[in-house]
Amino acid sequence: MLGLSLFNLGASWNKAEGWNIAKRSKKLRVKERDQVDIEMAMLAEVAEEEAEKVIKKRSSSQQEQVLENVENNFAQKVYRISAMGVLGVALGFFATSMIFNSPFALGKGLLSLLPGASHLAVFSLSINEKEISVVDDLTVLVNLDSAGKRVDKIKLVISYNPNLVSFENYISSITGWEIRESQVSNNKRELIALIDEDYLDSKIFSKEELIKINFNPKSLAVGQDLVFSVNQTRSLVVSKENGCNKNILGDTKGVKVFISEKNNQIMRCQKVEDLIGTIDFWKNFVQGDPLKPRNKYWQKFDDSNGMLCAHNGDYIYMTIVVPDDQKIDIFKIKNNQYSQKIEKPEYFWEEGNFKFYLYQISSKGITADSNIEIEIESEFFNKKQWPIDESGKIILE
(Lines give C-alpha, C1' and ligand atoms only; values in the text may rest on other atoms or scores of the structure.)
Protein backbone atom coordinates (compact mmCIF):
# COMPACT_ATOMS: atom_id res chain seq x y z
CA MET A 1 0.00 0.00 0.00
CA LEU A 2 2.94 2.35 0.94
CA GLY A 3 4.63 1.52 -2.33
CA LEU A 4 1.56 2.19 -4.28
CA SER A 5 1.28 5.44 -2.52
CA LEU A 6 4.91 6.42 -2.88
CA PHE A 7 5.26 5.68 -6.47
CA ASN A 8 1.82 6.81 -7.44
CA LEU A 9 1.00 3.32 -8.51
CA GLY A 10 -2.36 3.48 -6.79
CA ALA A 11 -3.55 6.20 -9.10
CA SER A 12 -2.54 4.17 -12.05
CA TRP A 13 -4.33 1.15 -10.69
CA ASN A 14 -7.37 3.15 -9.91
CA LYS A 15 -7.28 4.56 -13.38
CA ALA A 16 -7.02 1.16 -14.89
CA GLU A 17 -9.70 -0.15 -12.59
CA GLY A 18 -11.89 2.82 -13.39
CA TRP A 19 -11.50 2.25 -17.04
CA ASN A 20 -12.48 -1.35 -16.66
CA ILE A 21 -15.47 -0.37 -14.60
CA ALA A 22 -16.39 2.24 -17.17
CA LYS A 23 -15.98 -0.27 -19.88
CA ARG A 24 -18.11 -2.78 -18.09
CA SER A 25 -20.62 -0.07 -17.35
CA LYS A 26 -20.70 0.91 -20.98
CA LYS A 27 -21.20 -2.64 -22.02
CA LEU A 28 -23.93 -2.92 -19.45
CA ARG A 29 -25.55 0.23 -20.79
CA VAL A 30 -25.28 -1.07 -24.34
CA LYS A 31 -26.71 -4.33 -23.22
CA GLU A 32 -29.41 -2.58 -21.28
CA ARG A 33 -30.02 -0.30 -24.23
CA ASP A 34 -30.33 -3.28 -26.52
CA GLN A 35 -32.67 -4.90 -24.05
CA VAL A 36 -34.62 -1.66 -23.75
CA ASP A 37 -34.78 -1.39 -27.54
CA ILE A 38 -36.01 -4.96 -27.73
CA GLU A 39 -38.54 -4.32 -24.97
CA MET A 40 -39.57 -1.08 -26.61
CA ALA A 41 -39.98 -2.88 -29.90
CA MET A 42 -41.94 -5.56 -28.16
CA LEU A 43 -43.99 -2.96 -26.35
CA ALA A 44 -44.47 -1.10 -29.61
CA GLU A 45 -45.45 -4.33 -31.33
CA VAL A 46 -47.82 -5.19 -28.53
CA ALA A 47 -49.17 -1.65 -28.50
CA GLU A 48 -49.58 -1.78 -32.24
CA GLU A 49 -51.36 -5.09 -32.02
CA GLU A 50 -53.57 -3.77 -29.24
CA ALA A 51 -54.22 -0.64 -31.23
CA GLU A 52 -55.11 -2.68 -34.26
CA LYS A 53 -57.42 -4.81 -32.13
CA VAL A 54 -59.00 -1.69 -30.65
CA ILE A 55 -59.32 -0.10 -34.09
CA LYS A 56 -60.79 -3.28 -35.54
CA LYS A 57 -63.13 -3.63 -32.58
CA ARG A 58 -64.13 0.00 -32.77
CA SER A 59 -64.54 -0.27 -36.53
CA SER A 60 -66.65 -3.39 -36.09
CA SER A 61 -68.63 -1.65 -33.37
CA GLN A 62 -69.10 1.37 -35.59
CA GLN A 63 -70.23 -0.85 -38.47
CA GLU A 64 -72.66 -2.65 -36.20
CA GLN A 65 -73.90 0.69 -34.92
CA VAL A 66 -74.27 1.97 -38.47
CA LEU A 67 -76.18 -1.18 -39.46
CA GLU A 68 -78.26 -0.90 -36.33
CA ASN A 69 -78.95 2.76 -37.11
CA VAL A 70 -79.90 1.84 -40.68
CA GLU A 71 -82.18 -0.91 -39.42
CA ASN A 72 -83.63 1.41 -36.81
CA ASN A 73 -84.12 4.13 -39.40
CA PHE A 74 -85.79 1.64 -41.78
CA ALA A 75 -87.95 0.27 -38.97
CA GLN A 76 -88.84 3.80 -37.94
CA LYS A 77 -89.74 4.67 -41.52
CA VAL A 78 -91.87 1.52 -41.82
CA TYR A 79 -93.48 2.32 -38.49
CA ARG A 80 -94.14 5.90 -39.52
CA ILE A 81 -95.56 4.85 -42.88
CA SER A 82 -97.69 2.15 -41.22
CA ALA A 83 -98.88 4.58 -38.57
CA MET A 84 -99.72 7.18 -41.21
CA GLY A 85 -101.51 4.56 -43.29
CA VAL A 86 -103.54 3.34 -40.34
CA LEU A 87 -104.30 6.92 -39.36
CA GLY A 88 -105.33 7.73 -42.94
CA VAL A 89 -107.63 4.72 -43.14
CA ALA A 90 -109.09 5.56 -39.74
CA LEU A 91 -109.66 9.17 -40.77
CA GLY A 92 -111.25 7.94 -44.02
CA PHE A 93 -113.62 5.67 -42.13
CA PHE A 94 -114.37 8.49 -39.72
CA ALA A 95 -115.02 11.01 -42.51
CA THR A 96 -117.27 8.71 -44.54
CA SER A 97 -119.08 7.61 -41.40
CA MET A 98 -119.64 11.22 -40.40
CA ILE A 99 -120.72 12.43 -43.84
CA PHE A 100 -122.28 9.38 -45.50
CA ASN A 101 -123.03 7.27 -42.40
CA SER A 102 -121.10 4.38 -43.94
CA PRO A 103 -119.69 1.96 -42.88
CA PHE A 104 -120.66 3.24 -39.43
CA ALA A 105 -123.56 5.58 -38.72
CA LEU A 106 -121.44 8.06 -36.78
CA GLY A 107 -123.09 11.06 -38.37
CA LYS A 108 -126.54 10.04 -37.32
CA GLY A 109 -125.26 8.96 -33.95
CA LEU A 110 -123.55 12.31 -33.28
CA LEU A 111 -126.54 14.20 -34.60
CA SER A 112 -128.68 12.29 -32.14
CA LEU A 113 -126.51 13.67 -29.32
CA LEU A 114 -127.14 17.25 -30.31
CA PRO A 115 -129.75 19.21 -28.35
CA GLY A 116 -133.27 18.84 -29.66
CA ALA A 117 -134.79 16.10 -31.78
CA SER A 118 -132.55 13.27 -33.01
CA HIS A 119 -131.78 13.22 -36.75
CA LEU A 120 -132.52 9.56 -37.35
CA ALA A 121 -135.47 9.58 -39.76
CA VAL A 122 -134.82 7.90 -43.13
CA PHE A 123 -136.38 8.35 -46.57
CA SER A 124 -135.81 5.30 -48.78
CA LEU A 125 -136.81 4.76 -52.40
CA SER A 126 -137.59 1.42 -54.00
CA ILE A 127 -139.15 0.40 -57.27
CA ASN A 128 -141.68 -2.16 -58.42
CA GLU A 129 -138.93 -3.81 -60.49
CA LYS A 130 -135.14 -3.48 -60.45
CA GLU A 131 -135.06 -4.20 -64.16
CA ILE A 132 -137.46 -2.81 -66.74
CA SER A 133 -137.74 -2.63 -70.50
CA VAL A 134 -137.77 0.50 -72.62
CA VAL A 135 -141.59 0.52 -72.74
CA ASP A 136 -142.44 -0.26 -69.12
CA ASP A 137 -144.08 2.24 -66.86
CA LEU A 138 -142.51 2.32 -63.42
CA THR A 139 -143.58 3.19 -59.91
CA VAL A 140 -141.20 4.62 -57.33
CA LEU A 141 -142.19 3.65 -53.79
CA VAL A 142 -141.26 6.08 -51.02
CA ASN A 143 -140.87 4.67 -47.51
CA LEU A 144 -140.35 6.61 -44.30
CA ASP A 145 -138.92 5.51 -40.98
CA SER A 146 -139.23 8.26 -38.37
CA ALA A 147 -137.20 6.39 -35.71
CA GLY A 148 -139.96 6.50 -33.12
CA LYS A 149 -140.66 10.23 -33.56
CA ARG A 150 -144.04 11.65 -34.50
CA VAL A 151 -144.12 13.37 -37.87
CA ASP A 152 -146.20 16.50 -38.47
CA LYS A 153 -144.93 17.84 -41.80
CA ILE A 154 -143.09 16.32 -44.77
CA LYS A 155 -141.19 17.77 -47.68
CA LEU A 156 -139.83 15.23 -50.14
CA VAL A 157 -137.59 16.23 -53.08
CA ILE A 158 -136.83 13.48 -55.62
CA SER A 159 -134.28 14.07 -58.39
CA TYR A 160 -134.42 12.29 -61.77
CA ASN A 161 -133.49 12.71 -65.44
CA PRO A 162 -136.42 14.31 -67.33
CA ASN A 163 -134.96 13.15 -70.66
CA LEU A 164 -135.60 9.52 -69.68
CA VAL A 165 -138.90 9.58 -67.80
CA SER A 166 -141.74 11.97 -67.03
CA PHE A 167 -143.89 12.29 -63.94
CA GLU A 168 -147.42 10.97 -64.43
CA ASN A 169 -149.27 10.85 -61.10
CA TYR A 170 -149.07 9.62 -57.53
CA ILE A 171 -150.96 7.27 -55.24
CA SER A 172 -151.12 7.65 -51.47
CA SER A 173 -153.43 6.69 -48.64
CA ILE A 174 -152.78 10.18 -47.26
CA THR A 175 -154.73 12.94 -48.99
CA GLY A 176 -153.63 16.53 -49.23
CA TRP A 177 -150.30 16.20 -51.02
CA GLU A 178 -149.07 19.21 -52.96
CA ILE A 179 -146.99 18.04 -55.93
CA ARG A 180 -144.91 20.30 -58.19
CA GLU A 181 -141.87 20.00 -60.45
CA SER A 182 -138.74 22.13 -60.68
CA GLN A 183 -136.28 22.08 -63.58
CA VAL A 184 -132.73 22.18 -62.20
CA SER A 185 -130.79 21.60 -65.45
CA ASN A 186 -131.21 19.91 -68.81
CA ASN A 187 -130.49 16.52 -67.24
CA LYS A 188 -132.00 17.03 -63.80
CA ARG A 189 -135.49 17.71 -62.58
CA GLU A 190 -136.86 17.66 -59.05
CA LEU A 191 -140.28 16.45 -58.00
CA ILE A 192 -141.34 18.21 -54.80
CA ALA A 193 -144.04 16.63 -52.62
CA LEU A 194 -145.37 18.60 -49.62
CA ILE A 195 -147.86 17.82 -46.89
CA ASP A 196 -148.45 19.66 -43.61
CA GLU A 197 -150.31 19.15 -40.35
CA ASP A 198 -153.62 20.25 -41.93
CA TYR A 199 -153.72 16.91 -43.79
CA LEU A 200 -151.16 14.76 -41.97
CA ASP A 201 -152.23 13.40 -38.62
CA SER A 202 -149.23 13.37 -36.30
CA LYS A 203 -147.97 9.79 -36.39
CA ILE A 204 -144.92 7.55 -36.15
CA PHE A 205 -143.75 5.98 -39.42
CA SER A 206 -142.06 2.62 -39.02
CA LYS A 207 -140.51 1.76 -42.40
CA GLU A 208 -143.89 2.07 -44.03
CA GLU A 209 -145.00 3.20 -47.45
CA LEU A 210 -145.60 6.93 -47.68
CA ILE A 211 -146.43 7.55 -51.33
CA LYS A 212 -146.19 5.90 -54.76
CA ILE A 213 -145.03 8.01 -57.69
CA ASN A 214 -145.71 6.83 -61.24
CA PHE A 215 -143.41 7.71 -64.14
CA ASN A 216 -143.74 7.16 -67.89
CA PRO A 217 -140.76 6.21 -70.09
CA LYS A 218 -139.62 8.77 -72.70
CA SER A 219 -136.35 7.82 -74.40
CA LEU A 220 -134.94 4.88 -72.48
CA ALA A 221 -132.19 2.81 -74.06
CA VAL A 222 -131.08 -0.73 -73.32
CA GLY A 223 -128.12 -0.81 -70.93
CA GLN A 224 -128.92 2.51 -69.27
CA ASP A 225 -129.16 3.05 -65.53
CA LEU A 226 -132.13 5.12 -64.45
CA VAL A 227 -131.45 6.77 -61.09
CA PHE A 228 -133.89 8.26 -58.61
CA SER A 229 -132.43 10.00 -55.57
CA VAL A 230 -133.65 12.11 -52.64
CA ASN A 231 -132.19 15.60 -52.23
CA GLN A 232 -131.51 15.41 -48.49
CA THR A 233 -130.54 19.07 -48.08
CA ARG A 234 -133.93 20.20 -49.43
CA SER A 235 -136.08 17.47 -47.90
CA LEU A 236 -137.65 17.69 -44.45
CA VAL A 237 -139.24 15.38 -41.91
CA VAL A 238 -140.64 17.76 -39.31
CA SER A 239 -141.49 16.75 -35.78
CA LYS A 240 -143.16 19.22 -33.44
CA GLU A 241 -141.89 19.11 -29.85
CA ASN A 242 -142.94 21.62 -27.22
CA GLY A 243 -144.40 23.82 -29.90
CA CYS A 244 -141.13 23.92 -31.87
CA ASN A 245 -140.71 22.40 -35.35
CA LYS A 246 -137.52 20.37 -35.78
CA ASN A 247 -136.16 18.52 -38.80
CA ILE A 248 -135.37 14.92 -37.80
CA LEU A 249 -134.28 13.69 -41.25
CA GLY A 250 -130.90 11.96 -40.97
CA ASP A 251 -130.46 9.80 -44.08
CA THR A 252 -131.83 9.08 -47.55
CA LYS A 253 -131.54 6.10 -49.88
CA GLY A 254 -132.09 6.30 -53.63
CA VAL A 255 -132.69 3.57 -56.19
CA LYS A 256 -131.16 2.61 -59.54
CA VAL A 257 -133.03 0.76 -62.29
CA PHE A 258 -131.38 -1.14 -65.12
CA ILE A 259 -132.96 -0.90 -68.59
CA SER A 260 -132.88 -4.34 -70.22
CA GLU A 261 -134.11 -5.96 -73.40
CA LYS A 262 -136.79 -7.94 -71.62
CA ASN A 263 -140.32 -7.13 -72.61
CA ASN A 264 -142.73 -7.85 -69.79
CA GLN A 265 -146.33 -6.86 -70.08
CA ILE A 266 -147.55 -5.46 -66.78
CA MET A 267 -151.05 -5.77 -65.40
CA ARG A 268 -151.75 -3.26 -62.65
CA CYS A 269 -154.30 -4.28 -60.03
CA GLN A 270 -156.00 -1.39 -58.26
CA LYS A 271 -156.60 -1.86 -54.57
CA VAL A 272 -160.23 -1.72 -53.41
CA GLU A 273 -161.27 -1.32 -49.80
CA ASP A 274 -164.99 -0.58 -50.02
CA LEU A 275 -167.84 -3.06 -49.96
CA ILE A 276 -167.05 -5.57 -52.68
CA GLY A 277 -169.87 -8.06 -52.12
CA THR A 278 -172.36 -6.50 -54.50
CA ILE A 279 -172.67 -6.40 -58.25
CA ASP A 280 -173.39 -2.67 -58.14
CA PHE A 281 -169.97 -2.06 -56.62
CA TRP A 282 -168.27 -3.81 -59.52
CA LYS A 283 -170.42 -2.06 -62.10
CA ASN A 284 -169.34 1.28 -60.66
CA PHE A 285 -165.73 0.14 -60.41
CA VAL A 286 -165.59 -0.93 -64.07
CA GLN A 287 -167.31 2.25 -65.20
CA GLY A 288 -164.75 4.28 -63.22
CA ASP A 289 -164.42 8.02 -62.73
CA PRO A 290 -164.48 9.95 -66.03
CA LEU A 291 -162.10 12.51 -64.45
CA LYS A 292 -159.50 9.82 -63.76
CA PRO A 293 -158.69 7.91 -66.96
CA ARG A 294 -157.60 4.31 -66.40
CA ASN A 295 -156.21 3.48 -69.81
CA LYS A 296 -153.07 1.90 -68.37
CA TYR A 297 -155.12 -0.48 -66.23
CA TRP A 298 -157.00 -2.09 -69.13
CA GLN A 299 -155.38 -5.08 -70.83
CA LYS A 300 -156.36 -6.57 -74.16
CA PHE A 301 -156.67 -10.15 -75.35
CA ASP A 302 -157.34 -8.74 -78.81
CA ASP A 303 -159.18 -5.80 -80.32
CA SER A 304 -162.56 -6.97 -79.02
CA ASN A 305 -161.76 -8.41 -75.56
CA GLY A 306 -160.54 -6.43 -72.58
CA MET A 307 -159.64 -7.12 -68.93
CA LEU A 308 -159.51 -5.02 -65.74
CA CYS A 309 -157.88 -6.12 -62.47
CA ALA A 310 -158.53 -5.24 -58.80
CA HIS A 311 -157.55 -6.73 -55.43
CA ASN A 312 -158.23 -6.36 -51.73
CA GLY A 313 -155.14 -8.18 -50.41
CA ASP A 314 -156.66 -11.65 -50.10
CA TYR A 315 -158.25 -11.95 -53.52
CA ILE A 316 -157.66 -10.78 -57.07
CA TYR A 317 -160.69 -9.85 -59.18
CA MET A 318 -160.51 -10.10 -62.97
CA THR A 319 -163.27 -8.44 -64.95
CA ILE A 320 -163.29 -9.54 -68.60
CA VAL A 321 -165.34 -7.73 -71.23
CA VAL A 322 -166.42 -9.42 -74.48
CA PRO A 323 -168.86 -8.42 -77.25
CA ASP A 324 -172.46 -9.41 -76.64
CA ASP A 325 -172.32 -12.02 -79.42
CA GLN A 326 -169.60 -13.97 -77.55
CA LYS A 327 -169.27 -15.67 -74.18
CA ILE A 328 -166.63 -17.20 -71.91
CA ASP A 329 -166.87 -20.84 -70.88
CA ILE A 330 -163.56 -21.33 -69.02
CA PHE A 331 -161.16 -18.89 -67.31
CA LYS A 332 -157.58 -20.02 -66.50
CA ILE A 333 -154.72 -18.31 -64.69
CA LYS A 334 -151.33 -19.91 -64.14
CA ASN A 335 -147.62 -19.45 -63.58
CA ASN A 336 -144.71 -21.84 -62.96
CA GLN A 337 -146.03 -22.89 -59.53
CA TYR A 338 -149.70 -22.02 -59.65
CA SER A 339 -152.69 -22.90 -61.77
CA GLN A 340 -156.41 -22.25 -61.33
CA LYS A 341 -159.32 -23.06 -63.61
CA ILE A 342 -162.75 -21.43 -63.16
CA GLU A 343 -165.83 -22.32 -65.18
CA LYS A 344 -168.35 -20.00 -63.53
CA PRO A 345 -167.80 -16.29 -62.85
CA GLU A 346 -168.43 -14.70 -59.46
CA TYR A 347 -170.55 -12.00 -61.13
CA PHE A 348 -172.01 -11.56 -64.60
CA TRP A 349 -173.89 -8.66 -66.19
CA GLU A 350 -174.59 -7.07 -69.55
CA GLU A 351 -174.52 -3.44 -70.57
CA GLY A 352 -175.08 -2.12 -74.07
CA ASN A 353 -173.23 -4.29 -76.56
CA PHE A 354 -170.93 -5.98 -74.02
CA LYS A 355 -170.92 -8.81 -71.50
CA PHE A 356 -168.99 -8.60 -68.24
CA TYR A 357 -167.49 -11.62 -66.44
CA LEU A 358 -165.90 -11.14 -63.01
CA TYR A 359 -163.69 -13.92 -61.59
CA GLN A 360 -162.44 -14.10 -57.99
CA ILE A 361 -158.97 -15.65 -57.51
CA SER A 362 -156.91 -16.24 -54.39
CA SER A 363 -153.85 -13.97 -54.36
CA LYS A 364 -151.72 -16.66 -52.71
CA GLY A 365 -148.98 -17.78 -55.04
CA ILE A 366 -149.29 -14.69 -57.25
CA THR A 367 -146.64 -12.04 -56.78
CA ALA A 368 -145.13 -9.28 -58.88
CA ASP A 369 -142.24 -11.61 -59.72
CA SER A 370 -144.50 -14.34 -61.07
CA ASN A 371 -144.76 -14.85 -64.82
CA ILE A 372 -148.52 -14.92 -65.32
CA GLU A 373 -150.56 -16.35 -68.17
CA ILE A 374 -154.34 -15.91 -68.47
CA GLU A 375 -156.51 -17.83 -70.90
CA ILE A 376 -160.18 -17.63 -71.79
CA GLU A 377 -161.91 -20.35 -73.79
CA SER A 378 -165.21 -20.44 -75.64
CA GLU A 379 -166.88 -22.35 -78.40
CA PHE A 380 -166.94 -19.06 -80.33
CA PHE A 381 -163.19 -18.33 -80.32
CA ASN A 382 -161.61 -21.55 -78.94
CA LYS A 383 -158.84 -19.94 -76.82
CA LYS A 384 -157.38 -16.49 -76.25
CA GLN A 385 -154.33 -15.72 -74.13
CA TRP A 386 -152.82 -12.79 -72.22
CA PRO A 387 -150.13 -11.76 -72.86
CA ILE A 388 -150.09 -12.72 -76.52
CA ASP A 389 -146.36 -13.28 -77.11
CA GLU A 390 -144.64 -11.88 -74.01
CA SER A 391 -144.31 -12.66 -70.32
CA GLY A 392 -146.85 -10.99 -68.07
CA LYS A 393 -146.61 -9.77 -64.49
CA ILE A 394 -149.17 -8.51 -62.00
CA ILE A 395 -148.50 -5.43 -59.89
CA LEU A 396 -150.69 -5.24 -56.79
CA GLU A 397 -151.04 -1.54 -56.02
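Checked against the criterion of being under 30 Å from residue 357 (Cα atoms), in contact with a helix residue (DSSP H, G or I) (Cβ under 7 Å, 6 or more places away or on another chain) and surrounded by 19 or more Cβ atoms within 10 Å (Cβ to Cβ), segment 261-273 contains one or more residues that satisfy it. One residue stands out in segment 344-355 among those that are of a type outside the set (Asp, Glu) and assigned to a strand (DSSP E or B): the one that is surrounded by the fewest Cβ atoms within 10 Å (Cβ to Cβ), namely 348.
The numbered conditions (1) exposed (fewer than 14 other Cβ atoms within 10 Å of the Cβ); (2) farther than 17 Å from residue 383 by Cβ are all true for residue 341 except (2).
One residue stands out in segment 313-338 among those that are polar (S, T, N, Q) and closer than 22 Å to residue 352 by Cβ: the one that is surrounded by the fewest Cβ atoms within 10 Å (Cβ to Cβ), namely 326. Only strands (runs of 3 or more DSSP E) whose full extent lies in segment 180-246 are considered here, and the ones with at least 2 residues that are closer than 17 Å to residue 152 by Cα are 188-195, 208-217, 236-241.
Among the residues of segment 357-378, the ones that are farther than 14 Å from residue 344 by Cβ and either of a type in the set (Phe, Trp, Tyr) or at pLDDT below 80 (or both) come to 9 in all. Among the residues of segment 275-306, those identified as surrounded by fewer than 20 Cβ atoms within 10 Å (Cβ to Cβ) and either among the aromatic types (Phe, Trp, Tyr) or within 19 Å of residue 363 (Cα to Cα) (or both) are 275, 276, 277, 281, 285, 297, 298.
A single member of 319, 278 is β-branched (Val, Ile, Thr) and either touching a residue at least 12 places away in the same chain (Cβ under 8 Å) or touching a Lys or Arg at 6+ places or on another chain (Cβ under 8 Å) (or both), and it is 319. Here residue 236 fulfils each of the conditions (1) at pLDDT 90 or above; (2) over 20 Å from residue 184 (Cβ atoms) apart from (2). For residue 237, the criteria (1) over 37 Å from the mean Cα position of the chain (by Cα); (2) within 27 Å of residue 168 (Cα to Cα) hold in every case but one, which is (1). No other residue among 164, 226, 194, 156 is closer than 30 Å to residue 272 by Cα and either hydroxyl-bearing (Ser, Thr, Tyr) or surrounded by 19 or more Cβ atoms within 10 Å (Cβ to Cβ) (or both) apart from 156.
The values are calculated or read from the model by the stated rules, or taken from the named source; none is laboratory data. Everything quoted here is computed from the prediction, not taken from an experiment. Reconstructed Cβ throughout: ideal geometry from the backbone, glycine too, with neighbour counts over all protein chains shown.
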